[in-house]
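Student: One structure, pasted below without further comment.
The values are calculated or read from the model by the stated rules, or taken from the named source; none is laboratory data. As the structure is a computational prediction, the values presented were derived from the model and not from experiment. Glycine also receives a Cβ, built like all others from the backbone with ideal geometry; neighbour counts cover every protein chain displayed.
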């Protein structure tokens, strides 16, 4: 009797920092994977312990920035295919579709839509749906650029599309949203500074005003009610401080 075709091995790659309250749900949703890699950045909670309880291989790595940290996680994977996730994400019905495409692939990389939930609501406007992102790829066919923030996989060749969504809960609460905004605006300002860009308070104000107008009105954020308004305001504030912090960096460099 002929043996059946070997099932392709899939690795799951995550980076973490103090994610004990969200990591279990994420790892439970990918418990079918043969290899789980978690790269932790000196968490002070039970993140590493929880990861190991799910059979993950845990690596402690000092923070390098989002892009470089995720690339390090990718490099530790053993599977023929790699699925990149964040601790605040879950797979729902994706597993069956993922296993199907990697065993009979038409492409070397695939994007998945993300269902983003905020303040108890699925956000469907202002670019939050379908929010496609490349996450599944054959080993060696994609890499993560060393960006400090807003990193995204770069794939070689054409990218296929999966239908099953990733479930995403980007913020625990409004306080964490503000903390992330501060962190991301600082990283964004530093990236622009390293590229030699400059800023002014007028530029910060104009970028902020445009962000609100674009997301809330042109992209239909108002259809998402109160959460849509909060998102539009937070994005506008993020833009203001990114360019205000850029001005601060430029001014400090002149001293």
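Student: Which numbered condition in (1) out of contact with any helix residue (DSSP H, G or I) (no Cβ under 6 Å at 6 or more places or on another chain); (2) in a helix (DSSP H, G or I) is the only one that residue 228 fails?
Tutor: Checking residue 228 against (1) out of contact with any helix residue (DSSP H, G or I) (no Cβ under 6 Å at 6 or more places or on another chain); (2) in a helix (DSSP H, G or I), the one that fails is (1).
Student: If a residue has to be under 25 Å from residue 230 (Cβ atoms), touching a strand residue (DSSP E or B) at 6+ places or on another chain (Cβ under 8 Å) and not in a loop (DSSP other than H, G, I, E, B) to count, how many in the range 152-201 make the cut?
Tutor: Matching residues across the range 152-201 total 3.
Student: Applying the selection to the range 65-98, what residues are assigned to a loop (DSSP other than H, G, I, E, B) and either under 15 Å from residue 134 (Cβ atoms) or under 15 Å from the mean Cα position of the chain (by Cα) (or both)? Walk me through how you get there before you give the answer.
Tutor: Filtering the range 65-98 for residues assigned to a loop (DSSP other than H, G, I, E, B) gives 65, 76-80, 85-88, 92-93.
Answer for the range 65-98, where residues must be assigned to a loop (DSSP other than H, G, I, E, B) and either under 15 Å from residue 134 (Cβ atoms) or under 15 Å from the mean Cα position of the chain (by Cα) (or both): 65, 85, 86, 87, 88.
Student: Can you name the residue in the range 14-57 that is more than 19 Å from the chain's Cα centre (by Cα) and in a strand (DSSP E or B) and, of all such residues, is nearest to residue 143 (Cα to Cα)? First the steps, then the outcome.
Tutor: Here is the first cut: in the range 14-57, the residues more than 19 Å from the chain's Cα centre (by Cα) are 31-35, 42, 44-46, 48-50, 52-57.
If we keep only those that are in a strand (DSSP E or B) too, we end up with 35, 57.
Details: 35: 19, 57: 20 Å.
Among those residues, the one meeting the criterion is 35.
Student: If I go through the range 172-187 residue by residue, how many of them are in contact with a helix residue (DSSP H, G or I) (Cβ under 8 Å, 6 or more places away or on another chain) and at pLDDT 95 or above?
Tutor: Going through the range 172-187 one residue at a time, the tally reaches 7.
Student: Let me ask something additional. Do you know which residues across the range 31-50 are modelled with pLDDT under 95 and touching a helix residue (DSSP H, G or I) at 6+ places or on another chain (Cβ under 9 Å)?
Tutor: 32, 33
Student: Which condition breaks for residue 149 when tested against (1) farther than 23 Å from residue 36 by Cα; (2) touching a residue at least 40 places away in the same chain (Cβ under 8 Å); (3) assigned to a helix (DSSP H, G or I)?
Tutor: (3)
Student: A further question on this structure: Does the range 242-255 hold any residues that are over 21 Å from the mean Cα position of the chain (by Cα) and crowded, with 16+ Cβ neighbours inside 10 Å, and which are they? Explain how you work it out, then say what you get.
Tutor: So the first thing to find is which residues in the range 242-255 are over 21 Å from the mean Cα position of the chain (by Cα), and the list is 243-255.
Residues satisfying the conditions are 243, 244, 245, 246, 247, 249, 250.
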